[in-house]
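Okay, structure first, notes after.
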Amino acid sequence: MKKILENTIILESLTSLFSQAPVGLAILMGENLVIENANQQVLDFWQKGNEIIGLPLLEALPEIATQEFPTILNEVFETGVAFKGSKVKALLEKDGVLGARYFDFIYAPVYSGDKIIGVSIVATEVTDQVLGEKKLHESELRFKELMEISDYSVAIFKGEDLYIEFANDQMIKSWGKTRAVVGQKLEEAIPELEGQPFFQILRNIFQTGEPYIATEDKVDLVVDGILQQFYYSISYRPLRNADGEIYAILNMGLNVTELVESRQKAQNAVKEYRDLAESMPQIVWTTDKEGVFVNFNENMLKFLNIEKDEMPNFDFSKILSPEDFVQLKRVWAKAEEEKSKFELELRFLDINIGEYIWFLNKATPVFDEDRTIKKWIGTSTNINDFKILAAQKDTFLGIASHELKTPLTSLKLYAQVLERMLRKTGDEKNAEFAKKMDVQIIKLTSLIGDLLDVTKINSGKIYLNEIQFDFEKLVIDTVEEQQLSTDFKIEIHTEQGGMVFADRDRVSQVITNFISNAIKYSPNTEHVIVRVESVENDVQFSVQDFGIGIPEDKKDKVFEQYYRVSGDEQTTFPGLGLGLFISAQIVERSKGKIWVNSILGKGSSFCFSLPVVE
Ligand code: ADP
C-alpha cells in the first residue's frame, strides 16, 4: 500500500513537472505519432488547445506536413536514434498566419521494453536569439560593406597580438599589401612599422582604454616596393565586448600626404621669400589697399629704430619731409586711380643720425580677380650716396661749363672777326675755314649751354623771364633761323595760335630742340613737318618726322635726364640725353604739357602745348 502511495506521489510530481517545465515537452505514441501528452509550452508553440491531445500529429498540425519534422520523427521512431536540432526554423500558424519561429529540440525514442512505442519531444524556442544574431550579422555585414566604400582606410586589430581581423580595400592599398594580410599579425604583415611608434601606441590602448587620435602622423610604408613617407590622420579606438573588456582596436586613417606636402611647400616658399626679403639691401614692404604696412623686412625696422609691434602705430608723416609727404600722397592717389605702379624719390628722417636720407621708392599694385587693388608691394632703396655724388657732379658741371663759356664767347668773337677779315682780303678759302670754326663753336656753346641748364634745373636755379608774346610768330622766326643751317625741308603749317605767357627764349629753345632732334633721328629722309594748332584753350606745337621712331615702352623715358633710347648708337646719333629733359622742365614750369607719339621705324611726333592768355 505504502509502495502504491509512493508511486502515486512520484507520478503526480512528474506530471506537475511535465506541465510546468519551462521547456516544451510532448509524447507522441505509435506510428501515427498520436499526441499522447503535450504540456502548455508545446501547445503554445503550436498555437493549439488541449483538444488536440489524442489526435495524430499531422491531423492536429496539418501545417507541418510539408516541413521536415514528420520525416525526422518517423526516422527516430523507426531507427531509435535520437535527433538534436539546433536553431531550426518552423513555420507555425499564429492568428491564422504562418510565421517563422526557431527552436532547439531533441526527439528521442520512447521504449516499452525493447520496443519503440513513441517519440518524446523536448523543445525550447530560440526565435529571439536567432533573430538577434541575424540582426547582428546583418549589421556587421552592413558595417563591412560601408567600410569597403569608405574613403577612409579602416582596419580592426584583434587582441594584444594585433591580428588583422578586418581591413578595407583602402587600408590594404595604403599599406601597399594584398588581401593576404587579413588574419596575420600586424607586425608580420607590415614589418616596416617596427621602430615606428604605432605598435606601442596600439598596445597602450589595451592597457589604458584611451583612444589615440592624431591629425598628421608621419608613417613610413613600403608601397610599390619602395619605402615611402606618408602623412595620415589616424584614429585608434578601443572596441569593447559586453563585459566592457577591450577585445580589439578600430583603426581609421585618412591619407593627408598631399595636403601636408603642399602646405610644407607653401611654407617653404614663404620662408624662401622671407629669406630673400631679409637678404636684400633694400627695405621691402607690402601694404594693404589703404596703404597700411602689413609685411616688411628687418631693414625697415632698423631704419625706423623701432620694434615690430610698434610698426602699426608708426606715424610716417613725422619722418617724411613735409613737401615730400604732400607729393607722396598726390602720386600714390594718382597711381591708385590709374591702377598703375609708381616711383618716387623721397627724403626720410634717419632718426639714428638726425638727417634726411634720400630713398628711391617703387610700388606696384596687386589686384583681385575683379581688378580692384588688394595690396601694394614695394621697395625703398637708399640712394643718398648717389644723390650726394649727383649733386657733386652737378656742381662740377656747373663750374666747368660756366668757366668754359667765357673763353668760348671770346673764341666765337675772334672766329667771326677772322672770317670777316679774310673775306675782306679776298681769301675766301680760309674765310670758309673760319666760318666752319664758328659753326663748331656754336655747337659747343649749345652743348655747354645744355649742361649749364641741367645743373641749374637740378639745383632749382632756373629762372624764367616770362612775358606775353605771339606764339605763332615765335615758331615762324625760329623755323626760319633753323632752316638756314640745315638741308632738310622744314615744312610749316600754322594757324593763329594766340598769345602765351612764358619765357620767349626758353620756348624757342624747346622748338629748336624738337626740330634738331627730328632732323638728327631721321637718317634717310629729307623733310619734317612743323605744326601750330589751336586746341581748346591751348596752343599746340608739334614736329613730325619720318625717322627711326621710339619703342612704345621707352616713350615716356625720353624726357628723363641723360636718357637715350639709342644709347648703343652713340656714334650714329651723338648726344648727351639732356635736350628733352630741359625741354620738359621748361614746358612744365610754363604750365604746359609735353608728350610724344611715335611708331618704331615709322617716325615720331614730339608735341607740347601752352595755355593761351586772353
Ligand atoms: P640727345 O638727342 O642728346 O640724346 P634728347 O634729350 O634730345 O637727347 O633725346 C633723348 C633721346 O630721345 C635721344 O637719345 C633719342 O634716343 C630719343 N629721341 C629724341 N628725339 C627723337 C626723335 N625725333 N626720333 C627718335 N628718337 C628721338
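For first residues located in the range 315-338 and within 18 Å of Ile357 (Cβ to Cβ), partners that are among the polar types (S, T, N, Q) and open to solvent by less than 60 Å² (accessible area, probe 1.4 Å) and lie 6+ apart or on another chain with Cβ distances below 9 Å form the pairs Phe325/Ser317; Leu328/Asn361. Of the strands (runs of 3 or more DSSP E) lying entirely inside the range 319-419, those carrying at least 3 residues that are of a type in the set (Val, Ile, Thr) are 355-367, 373-382.
Tell me, yes or no, whether the range 459-472 has at least one residue that is in contact with a Ser or Thr (Cβ under 6 Å, 6 or more places away or on another chain) and not aromatic (Phe, Trp, Tyr). Looking for residues that are in contact with a Ser or Thr (Cβ under 6 Å, 6 or more places away or on another chain) and not aromatic (Phe, Trp, Tyr), one finds at least one in the range 459-472, hence yes.
Quick check on the range 209-221. Is at least one of its residues hydrophobic (A, V, I, L, M, F, W, C) and under 19 Å from Gly159 (Cβ atoms)? Within the range 209-221, not a single residue is hydrophobic (A, V, I, L, M, F, W, C) and under 19 Å from Gly159 (Cβ atoms). Right, Leu444: closer than 30 Å to Gly592 by Cα, open to solvent by 50 Å² or more (accessible area, probe 1.4 Å) and not assigned by TED's automatic domain parsing to the domain that holds Gly579 or not? Answer is yes for this residue. For the condition under 17 Å from Ser120 (Cα atoms) and out of contact with any helix residue (DSSP H, G or I) (no Cβ under 6 Å at 6 or more places or on another chain), Gln41 qualifies.
Candidates are the residues of the range 255-293 that are closer than 26 Å to Pro365 by Cβ and of a type in the set (Gly, Ala, Ser); the one that is surrounded by the most Cβ atoms within 10 Å (Cβ to Cβ) is Ala277. Kindly indicate whether any position in the range 446-459 is charged (D, E, K, R) and out of contact with any helix residue (DSSP H, G or I) (no Cβ under 9 Å at 6 or more places or on another chain). No, because not a single residue in the range 446-459 is charged (D, E, K, R) and out of contact with any helix residue (DSSP H, G or I) (no Cβ under 9 Å at 6 or more places or on another chain). A Cβ distance below 7 Å, combined with a sequence gap of six or more or placement on separate chains, defines the contacts here; from the range 280-293, residues that are assigned by TED's automatic domain parsing to the domain that holds Arg371 and without any contact (Cβ under 8 Å) to a residue 40 or more places away in the chain reach residues that are among the polar types (S, T, N, Q) and part of a strand (DSSP E or B) in the pairs Phe293/Thr287.
Taken as a whole, the range 156-163 holds at least one residue that is without any contact (Cβ under 8 Å) to a residue 40 or more places away in the chain and open to solvent by 30 Å² or more (accessible area, probe 1.4 Å).
In the range 411-436, the residues that are over 18 Å from Leu484 (Cα atoms) reach residues that are of a type in the set (S, T, N, Q) with C-beta atoms within less than 6 angstrom, at least six apart or across chains, in these pairs: Leu422/Asn430. Scanning the range 341-392 for residues that are more than 16 Å from Ile319 (Cα to Cα) and open to solvent by 80 Å² or more (accessible area, probe 1.4 Å) turns up Lys341, Glu343, Lys362, Glu369, Asp370, Arg371, Lys374, Asp385, Phe386, Ile388, Leu389, Gln392.
The condition of being surrounded by 14 or more Cβ atoms within 10 Å (Cβ to Cβ) and either more than 19 Å from Val454 (Cα to Cα) or within 12 Å of the ligand (Cβ to nearest atom) (or both) does not hold for Ile599.
Evaluation of Ile582 against the conditions (1) of a type outside the set (S, T, N, Q); (2) open to solvent by 10 Å² or more (accessible area, probe 1.4 Å); (3) near the ligand (Cβ under 9 Å from one of its atoms) shows that the sole unmet condition is (2). Restricted to the range 454-491, and to residues there that are aliphatic (A, V, I, L, M) and open to solvent by 70 Å² or more (accessible area, probe 1.4 Å), the residue that is nearest to Tyr563 (Cα to Cα) is Leu484.
Could you check, for the range 545-567, whether at least one of its residues is in a helix (DSSP H, G or I), more than 16 Å from Val596 (Cα to Cα), at pLDDT below 90 and within 15 Å of the ligand (Cβ to nearest atom)? The answer is yes, given that some residue of the range 545-567 is in a helix (DSSP H, G or I), more than 16 Å from Val596 (Cα to Cα), at pLDDT below 90 and within 15 Å of the ligand (Cβ to nearest atom). Scanning the range 495-507 turns up no residue that is within 15 Å of Ala584 (Cα to Cα), at pLDDT 95 or above and within 51 Å of the chain's Cα centre (by Cα).
Within the range 184-198, the set of residues being in contact with a helix residue (DSSP H, G or I) (Cβ under 9 Å, 6 or more places away or on another chain), surrounded by 12 or more Cβ atoms within 10 Å (Cβ to Cβ) and not in a helix (DSSP H, G or I) comprises just one member, Ile190. Counting only residues that are assigned to a loop (DSSP other than H, G, I, E, B), over 23 Å from Val530 (Cβ atoms) and β-branched (Val, Ile, Thr), the range 443-489 holds 1 of them. Filtering Lys429, Lys435 for residues that are loosely packed, with under 13 Cβ neighbours inside 10 Å and not assigned by TED's automatic domain parsing to the domain that holds Ile548 leaves a single hit, Lys429. Right, Ser522: near the ligand (Cβ under 9 Å from one of its atoms) and either under 19 Å from Leu474 (Cβ atoms) or assigned by TED's automatic domain parsing to the domain that holds Leu474 (or both) or not? Yes, satisfied. Checked against (1) farther than 26 Å from Phe342 by Cβ; (2) near the ligand (Cβ under 10 Å from one of its atoms); (3) buried (at least 16 other Cβ atoms within 10 Å of the Cβ), Pro574 passes all but a single condition, namely (3).
Listed here are the residues, each with its yes/no results for (1) part of a strand (DSSP E or B); (2) hydrophobic (A, V, I, L, M, F, W, C); (3) touching a residue at least 24 places away in the same chain (Cβ under 8 Å).
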| site | (1), (2), (3) |
| --- | --- |
| Gln200 | no, no, no |
| Asn204 | no, no, no |
| Gln207 | no, no, no |
| Ile213 | yes, yes, no |
| Glu216 | yes, no, yes |
| Asp220 | yes, no, yes |
| Ser233 | yes, no, no |
| Arg237 | yes, no, yes |
| Ala248 | yes, yes, yes |
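The values are calculated or read from the model by the stated rules, or taken from the named source; none is laboratory data. Fair warning: this is a prediction, and the values are worked out from it, not measured in the lab. Methodologically, a virtual Cβ is constructed for each residue, glycine included, from the backbone with ideal geometry; neighbour enumeration extends over all protein chains shown. For accessibility, only protein heavy atoms count, side chains too; no ligands or nucleic acids. Shrake-Rupley method; radii C 1.70, N 1.55, O 1.52, S 1.80 Å.
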